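Every number in this text was worked out from the coordinates using simple rules, so none of it is lab data. Keep in mind it's a predicted model, so treat the numbers as computed, not measured. Heads up, the Cβs are rebuilt from the backbone with ideal geometry, glycines too, and the neighbour counts pull from every protein chain shown.
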């Protein structure tokens with residue numbers, strides 16, 4: 001039986017960052033991935049010589065001195081990634097009920113740009129930005145004393161208890177502005193009754209600080225981490241699905257059993273797969289029924305239908321921003337769509353590629369789709385779902401394109417071909433529950449319920465990934481540092497990040 005210091009299950013960003021940190025610190029690490037491709041939500045795929053991202057579209061806070069830039073320096077990624085900074089004066093354009101609004105990079109620029117549409121709302125915009133800066137300060141606190149490190153700190157952390165929708169209503173009575181400031185809620189599957197302001201603020205603040213695209217896909221981030229892990233002596237095994245965490249008589253995990261019945265032993269284990277799925281394959285007596293029930297009772301975020309369009313060459317102009325489209329004035333209503341009005345909105349962008357900065361070679365459009373619409377095929381596998389599933393996807397795609405044409409009237413004339421993905425696709429390629437795009441749903445009404453710390457009651461089993469603290473590249477980076485602090489000590493890692 002092969003033996004390692006640490007076995008990490010799942011090669012999503014959280015697992016890869018943990019693998020990088022621990023292998024760099026001398027641990028003999030093995031990462032196990034059930035698919036043939038690494039990366040989880042950072043996977044890319046190629047069709048007709050076009051590179052499409054599975055889930056990661058843009059990142060923030062990468063300018064010098066900003067928090068993700070500091071993490072990337074520590075991960076030895078700076079200077080290795082192909083990146084393109086998005087339009088400074090409009091990294092995101094949001095259309096709500098026929099009117100467009102621009103999100104600009106830089107706090108002052110953000111305020112002044114929106115003042116063109118809301119000349120009487122300067123005070124509200126300043127209050128909003130000041131609150132974003134407060135939350136940014138909380139991230140700085142994490143970098144110095146780990147304020148988000150455990151539940152005892154978190155329960156007194158006010159931003160988790162503040163509801164985003166209510167906060168926006170508190171700073172302005174202008175319904176239009178409230179919706180504009182909530183216009184990126186698709187980045188966290190926001191719900192007006194539950195969305196915590198901290199989640200909204202971390203994401204919006206990060207992108208307002210600076211916004212960047214990966215050129216030729218986000219999987220390059222995973223590729224560089226993988227190369228570093230191997231260089232540090234680590235092992236990465238693909239097409240190795242873990243079927244069971246096997247415990248000894250004390251309840252600690254002794255080894256993992258793979259689908260082919262092979263057994264791999266380690267001193268410690270990190271699960272980068274969903275906590276529910278982790279518990280499903282863990283029979284340790286140390287996990288109490290109450291904990292299992294709590295984790296299983298937590299709601300997950302919704303899923304999406306994605307349209308991947310290959311464009312005819314040199315016809316469709318590349319635009320260096322993302323486009324958010326809302327049919328109705330209420331931007332919070334997309335998840336509660338009726339089938340006869342679907343889609344009520346979408347996010348659309350032209351991925352950055354190295355062939356040209358003038359023309360786009362492809363286009364991606366994403367909208368919500370409920371998992372319940374796919375129930376009849378939920379027990380099928382990729383490429384084996386039947387003709388009725390193919391017909392379903394085509395009907396959805398054509399209807400989606402019809403909606404896109406309301407903004408881009410000539411889009412059909414530019415399409416060479418297109419591909420689609422559904423919640424089932426997302427479920428099977430990323431391992432999420434019911435194709436959930438952002439994992440566990442955070443709730444401002446009961447923040448402790450969905451707050452999952454890296455430690456488990458099994459002394460040598462730890463958790464990481466988008467369900468630990470926050471999702472997204474920044475959120476997962478923070479969560480991964482928290483996980484690795486259980487091995488190395490938080491102050492030790494934070495000191496390394498500061499010195500990077």
Could you work out [θ]222 nm for the chain from helices alone, using -39500 (n - 2.57) per DSSP H run of at least four and dividing by all its residues? Round to the nearest 500 deg cm²/dmol.
-10000 deg cm²/dmol
When 18, 240 are arranged by how many other beta-carbons sit within 10 Å of their Cβ, fewest first, they go 240, 18
Provide the gained length on full extension for the span residue 265 to residue 358, in nm with one decimal, where the gain is 0.36 nm per separating residue minus the Cα-Cα distance.
28.3 nm
Going by how many other beta carbons lie within 10 Å of each one, how would you line up 212, 342, fewest first?
342, 212
Sorted largest first, extent of the stretch 67-139 alpha carbons per principal axis (Å):
45, 28, 19
Is the C-alpha gyration tensor of the stretch 195-308 telling us rounded, prolate or oblate? Criteria: a/c under 1.5 is rounded; beyond that, a/b larger than b/c is prolate, otherwise oblate.
oblate
What's the angle, to the nearest 10 degrees (0 to 90), between helix 472-488's Cα axis and the longest principal axis of the chain?
20 degrees
How many angstrom lie between the C-alpha centres of the stretch 361-382 and the stretch 162-214?
26 Å
How much length would be gained if the chain were fully extended between residue 313 and residue 25, taking 0.36 nm per residue of separation minus their Cα-Cα distance, in nm to one decimal?
99.0 nm
Whole-angstrom gap from the stretch 53-72 to the stretch 407-463, using each part's C-alpha centre
19 Å
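From the C-alpha gyration tensor of the stretch 328-478, pull out the three semi-axes of the equivalent ellipsoid (sqrt of 5λ each), sorted largest to smallest, in whole Å.
Semi-axes, largest first: 32, 20, 18 Å.
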Would you mind classifying the stretch 25-116 by shape? Square roots of the alpha carbon gyration tensor eigenvalues, ordered a ≥ b ≥ c; an a/c under 1.5 is rounded, otherwise it is prolate if a/b is larger than b/c and oblate if not.
oblate
Once the Cα atoms of helix 387-404 and of the chain are each reduced to a long axis, what angle between those two axes, in degrees from 0 to 90 to the nearest 10, is obtained?
40 degrees
Test of understanding: what is the full-extension gain from residue 97 to residue 63, defined as 0.36 nm times their sequence separation minus their Cα-Cα distance?
8.9 nm
Of the convex hull enclosing the alpha-carbon atoms of the stretch 430-500, the direction-averaged projected area in nm² is 6.1 nm²
Find the relative contact order for the chain and round it to a whole percent, using C-alpha pairs within less than 8 Å whose residues are 6+ positions apart.
23 percent
Below 8 Å, C-alpha to C-alpha, sequence gap of six or more: please give me the relative contact order for the stretch 330-426 in percent.
24 percent
Global geometry of the stretch 232-364, whether rounded, prolate or oblate, following the gyration tensor of its Cα atoms and the 1.5 cut on a/c:
oblate
The stretch 42-131: relative contact order from alpha carbon pairs under 8 Å, six or more residues apart, as a whole percent, is 12 percent
On the first, second and third principal axes, largest extent first, how far apart are the outermost C-alpha atoms of the chain in Å?
65, 53, 44
Just to confirm the number: angle between the C-alpha axis of helix 490-499 and the first principal axis of the chain, 0 to 90 degrees, nearest 10?
50 degrees
Cut-off is 10 Å between beta-carbons; in what order do 471, 353 appear when sorted fewest neighbours first?
353, 471
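Can you give the % of DSSP beta bridges in the chain that are antiparallel, to the nearest 5? Mind dumping the intermediate values first?
On the way: 48 of 72 bridges.
Taking every DSSP beta bridge within the chain, about 65 percent pair in antiparallel fashion.
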Mean-position separation - Cα centroids, the stretch 250-307 and the stretch 473-500, in angstrom
23 Å
